[in-house]
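**Student:** Sharing a structure below in structure tokens format, with a few things to ask.
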Amino acid sequence: SDFELTPYLKEGENKLAAQVFKWTAGSWCEDQDFFRFCGVARDSYLYTRAAKHIEDIRVVGNLDDSFTNGTLDVNLKLTDNLQALVELMDAKGKAVGSITLKGKEAKGQIQVANVLKWTAETPNLYTAKVTLQDAKGKALETVNVKTGFRRVEIKNAQLLVNGQPILIK
């Protein structure tokens, strides 16, 4: 869970306290297959963001019907009416495509020729580097998102990944 603490902060020193419950309604669901000691069970951290920042990023890599070329669908949600440069890089750091998106909620696509497909056996990943920019093009924030290109579908009662049948045991 994320909590917005900004309204509760004051100038100077602040104290952050967390109340930890040993047993809750969620304890049974979360701990049904292993024993857990009481206390904070997951990483907790406190961070700050600039007033103008990237609120949400969704990138989805799809393949065309030949399973050769890819399309990266990009959806951005920004805190203000700004622009963002989205660069797609392969595993070696080479840029394979880019797009500039503008607006508070922006959508776009990057076309990639001869894409390396993602499978469980060959988990080829690309990096979508999203850079939020002000009106002059100065970088305000950069976020990297790992993504892969694949197509999962059912045809003739057969489960296919990138056009190849798979068997789930």
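The values are calculated or read from the model by the stated rules, or taken from the named source; none is laboratory data. In this text, all values refer to a predicted model and were calculated from it rather than measured experimentally. Heads up, the Cβs are rebuilt from the backbone with ideal geometry, glycines too, and the neighbour counts pull from every protein chain shown. Just so you know, the surface numbers come from the protein's heavy atoms only, side chains and all, with ligands and any DNA or RNA stripped out. Shrake-Rupley method; radii C 1.70, N 1.55, O 1.52, S 1.80 Å.
**Student:** List the lysines whose Cα lies under 18 Å from the Cα of Lys138, skipping any in the same chain that are fewer than 8 positions away.
**Tutor:** Straight-line reach from Lys138, under 18 Å: Lys52, Lys102, Lys104, Lys129.
**Student:** Keeping every protein chain in place, order Val130, Val59, Val152 by accessible area at 1.4 Å, biggest value first, i.e. largest first.
**Tutor:** Listed by decreasing accessible area, they come as Val152, Val59, Val130.
**Student:** Given a Förster distance of 30 angstrom, what is the FRET efficiency for Leu116 paired with Ile154, based on the Cβ-Cβ distance and rounded to 0.05? Don't skip to the end; give the middle numbers.
**Tutor:** Values: r = 24 Å, r/R0 = 0.80.
Efficiency computed from Cβ-Cβ geometry: 0.80.
**Student:** Jot down the per residue volume, in cubic angstrom and as a whole number, of the convex hull over the alpha-carbon atoms of the chain.
**Tutor:** Values: hull volume 36.1 nm³, N = 169.
Enclosed volume per residue, from the Cα hull, is 214 Å³.
**Student:** Still on this structure: Counting only DSSP beta bridges with both residues in the chain, tell me the antiparallel percent, nearest 5.
**Tutor:** About 95 percent, rounded to the nearest 5.
**Student:** Rounded to the nearest Å, what's the spacing between the alpha carbon centres of the stretch 91-129 and the stretch 48-74? Just the number, please.
**Tutor:** Cα centroid to Cα centroid, the span is 7 Å.
**Student:** When Lys and Arg each count +1 and Asp and Glu each count -1, what net charge do the other residues less than 12 Å away from Leu82, Cβ to Cβ, add up to?
**Tutor:** Neighbour charge sum, excluding Leu82 itself: +1.
**Student:** Do you know the relative contact order of the chain, to the nearest whole percent, from alpha carbon pairs under 8 angstrom that are 6+ apart?
**Tutor:** 17 percent
**Student:** Now for a different question. Filter the chymotrypsin sites (Phe, Trp or Tyr not before Pro) in the stretch 35-136 to those in DSSP coil with at most 10 other Cβ atoms within 10 Å of their Cβ, and list the result.
**Tutor:** Details: sites: Phe35, Phe37, Tyr45, Tyr47, Phe67, Trp118, Tyr126; in loops: Phe35, Phe37, Tyr45, Tyr47, Phe67.
Passing sites in the stretch 35-136 are Phe35, Phe37, Tyr45, Tyr47.
**Student:** Near Thr127, within a Cβ-to-Cβ distance under 14 Å, what is the net charge of the other residues, with Lys and Arg +1 and Asp and Glu -1?
**Tutor:** It works out to a net charge of +2.
**Student:** Here's a follow-up. Taking the inverse of the average 1/r across all pairs of different Cα atoms in the stretch 91-147, what Kirkwood radius in Å do you get?
**Tutor:** Every distinct Cα pair counted, the radius reaches 13.4 Å.
**Student:** So, for the chain, what is the accessible surface per residue at a probe of 1.4 Å, expressed in square angstrom? Provide the component values of the computation, followed by the final result.
**Tutor:** Details: 12980 Å² over 169 residues.
Counting only protein heavy atoms, the per-residue value for the chain is 77 Å².
**Student:** Okay, moving on. Along the charge dipole of the chain, pointing to its positive end and built from +1/-1 on Cβ of Lys, Arg, Asp and Glu, which listed residue (Gly148, Leu167, Asn81) has its Cα farthest out?
**Tutor:** Gly148
**Student:** Continuing with this model, one more query. Which percent of the accessible area of the stretch 94-155 is formed by carbon and sulfur heavy atoms (probe 1.4 angstrom)?
**Tutor:** The C+S portion of the solvent-accessible surface of the stretch 94-155 is 50 percent.
**Student:** Let me ask something else. In the neighborhood of Gly103, defined by Cβ-to-Cβ distances under 14 Å, what is the net charge if each Lys or Arg adds +1 and each Asp or Glu adds -1?
**Tutor:** Overall, the nearby charge balance is +1.
**Student:** Mean residue ellipticity at 222 nm from the helices of the chain, using -39,500 (n - 2.57) per DSSP H segment of n ≥ 4 over the full residue count, to the nearest 500 deg cm²/dmol?
**Tutor:** -1000 deg cm²/dmol
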